[in-house]
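Here the structure is laid out as structure tokens; the discussion comes afterwards.
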Amino acid sequence: MKLTFLGTGSGVPAKHRNVSSLALHIDDKEGSVWLFDCGEATQHQILHTSLKPRKISKIFITHLHGDHIFGLPGLLSSRSFQGGETPLTVYGPVGIKEYIETSLRVSMTHVKYPLIIKEFEEEGLLLEEADFTIKGKKLVHGISSFGFRIVQKDLPGALLMDKVKQSNIPSGPHLQELKEGKSVTLSDGRIVEGIDYIGPPKKGKVITILGDTRYTPVSVELAEEADVLIHEATFAAKDEMLAREYFHSTTVQAAQVAKEARANQLLLSHISARYQQEDVLSLMEEAKEIFSNTVVVNDFDVIPIK
């Protein structure tokens, strides 16, 4: 899996940072993409990447401030014009359904694909599929804002090829059956059990994506031992009073969350336009003093989830 950052700024677009949106690429046979937030001009940002709107199957909205949702009507519309036919589900706080339906109705836009809108108000399990679960919890912001914990279920173990060779099992389509744990009858009459040739399960990835928030223990809970934590860092440490006033976090507060949660990597986004590109290094360094594996992301950064 990997992340593509389409917008890493806060509030209003800047020359070097668009407003919030990021894509999570799911390693499935469809090449599905899950979008998190969809600020103004997200579809323009997509044009500078290899991402295909028709591959977007889910959109998760953290909260209803404009810099996180103003790109939705255009993207939903263009996805239809560009031949998207597969269903798309939008998950978001109460109010997202009215916003989308009103925007499409007033603009007389009719999408050609099934558009499902699922609102949530309560915390808890938002989605459970064969390979993933997503839980949401309320953060501390001026309006209802959620953080998401995306958990990939454990993956099947690899086929132990050394053991296969030791057993003189020939190559062929039956190796796939062994990998799936099935019982296989070989050409020489032997019956071998797939379970005897599969290694231990591989632990699934954990990704935490937080909406706008002040520092809160809820963020730590959502990020516990996450492989990657995406946390807003609207303000530098010296501007902590501003962060509190506007219900946002500083670089240092985000780093503290990552440290307390024992996360593996911290990606800082939602950077205020008051900080120029030359300020990024100092923003990152003050966070790294607390949590060393920290990166301040930029628009179009592609980060593999290790």
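The values are calculated or read from the model by the stated rules, or taken from the named source; none is laboratory data. Just so we're clear, the structure is a prediction, and the values are computed from it rather than from any experiment. Backbone-built Cβ (ideal geometry, glycine too); neighbour counts: all protein chains shown.
Observations on the model:
- Considering region 274-294, the residues that are at pLDDT 95 or above and buried (at least 16 other Cβ atoms within 10 Å of the Cβ) include one that is nearest to residue 236 (Cα to Cα), namely 283.
- Residue 31 being in the same structural domain as residue 139 (by TED's automatic domain parsing), at positive phi and of a type outside the set (A, V, I, L, M, F, W, C): yes
- Just one of the listed residues (184, 218, 192) is farther than 13 Å from residue 296 by Cβ and at pLDDT 95 or above, namely 218.
- Residue that is farthest from the chain's Cα centre (by Cα) [pool: residues in region 196-212 that are surrounded by 11 or more Cβ atoms within 10 Å (Cβ to Cβ) and farther than 30 Å from residue 23 by Cβ]: 196
- Conditions (1) at positive phi; (2) surrounded by 13 or more Cβ atoms within 10 Å (Cβ to Cβ): number failed by residue 74: (1)
- No other residue among 81, 60, 70 is closer than 18 Å to residue 7 by Cβ and out of contact with any strand residue (DSSP E or B) (no Cβ under 8 Å at 6 or more places or on another chain) apart from 70.
- Of the residues in region 169-192, none is more than 29 Å from the chain's Cα centre (by Cα), in the same structural domain as residue 65 (by TED's automatic domain parsing), in a loop (DSSP other than H, G, I, E, B) and of a type outside the set (S, T, N, Q).
- From 58, 97, residue being out of contact with any helix residue (DSSP H, G or I) (no Cβ under 8 Å at 6 or more places or on another chain), part of a helix (DSSP H, G or I) and of a type outside the set (A, V, I, L, M, F, W, C): 97
- Screening residue 80 against (1) more than 17 Å from the chain's Cα centre (by Cα); (2) at pLDDT 95 or above; (3) surrounded by 13 or more Cβ atoms within 10 Å (Cβ to Cβ) leaves a single unmet condition, (2).
- Qualifying residue in region 38-50 (condition: in contact with a Phe, Trp or Tyr (Cβ under 7 Å, 6 or more places away or on another chain) and surrounded by 16 or more Cβ atoms within 10 Å (Cβ to Cβ)): yes
- All of 92, 66, 74, 124 fail the test of being touching a Phe, Trp or Tyr at 6+ places or on another chain (Cβ under 8 Å) and either within 30 Å of residue 253 (Cβ to Cβ) or modelled with pLDDT of 95 or more (or both), apart from 92.
- Unmet requirement for residue 104, which otherwise passes all of (1) modelled with pLDDT of 95 or more; (2) in a loop (DSSP other than H, G, I, E, B); (3) not β-branched (Val, Ile, Thr): (2)
- Qualifying residue in region 219-233 (condition: surrounded by fewer than 22 Cβ atoms within 10 Å (Cβ to Cβ) and hydroxyl-bearing (Ser, Thr, Tyr)): no
- Filtering region 152-168 to residues that are of a type in the set (D, E, K, R), part of a loop (DSSP other than H, G, I, E, B) and exposed (fewer than 13 other Cβ atoms within 10 Å of the Cβ) leaves only 154.
- Odd one out for residue 248, checked against (1) closer than 18 Å to residue 138 by Cα; (2) free of Cβ contacts under 8 Å to residues at least 24 places away in the same chain: (2)
- Counting only residues that are surrounded by fewer than 24 Cβ atoms within 10 Å (Cβ to Cβ) and not β-branched (Val, Ile, Thr), region 5-16 holds 6 of them.
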